[in-house]
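Read the figures in this text as sums done on the coordinates, not as results from a lab. Only a predicted model underlies this, so the values are computations on that prediction, with no experimental measurement involved. Cβ sites come from the backbone with ideal geometry, for glycine too, and all protein chains shown count toward neighbours.
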Amino acid sequence: MKRIPNLKDKLNQKIRDKAISRAKTRIVLAGKVPEDFNEEQLEVIVKEEEEKILSGAKEKGLLVLASLLGLSLWG
């Protein structure tokens, strides 16, 4: 039986796709091509980019929560 992708799976795939895109950009900016790296090294780079995306989302989430609660971080 086929499993229908749920919201969490879709979100994880979007994050993964964005991380791969950022990793490609990061590699190009370093003056290299993906073929210069082995599979394990590429996975590490993508994982780092995923962590950056998730960290940014958490940070933005906390700012939204603070604004909903009427808290000001600047005064």
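Key figures for this structure:
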| quantity | calculated |
| --- | --- |
| Helix 7-29 axis, angle to the chain major axis (alpha carbon atoms, nearest 10°) | 60 |
| The chain - mean residue ellipticity at 222 nm from DSSP helices (-39,500 (n - 2.57) per run, n ≥ 4, rounded to 500) | -25000 deg cm²/dmol |
| Neighbour net charge for LEU65 - beta-carbon separation under 14 angstrom, K R +1, D E -1 | +1 |
| Degrees between helix 39-68 axis and first principal axis of the chain (Cα, 0 to 90, nearest 10) | 10 |
| Over the chain, relative contact order from alpha-carbon pairs under 8 Å, at least 6 apart, % | 32 |
| Among (1) 3, 16, 21, 19, 14, 10, 7, 5, 3, 1, 0; (2) 3, 14, 17, 16, 13, 12, 12, 7, 4, 2, 0, 0; (3) 3, 17, 29, 25, 15, 8, 3, 0, the entry derived from the coordinates for P(r) over Cα pairs in 5 Å bins from 0, in percent | (2) |
| Electrostatic dipole magnitude of the chain [Cβ: Lys, Arg +1; Asp, Glu -1; Cα centre; debye, to 20] | 480 |
| Residue (of VAL46, ALA66, ILE15) at the positive-pole extreme of the chain, dipole from beta-carbon charges | ALA66 |
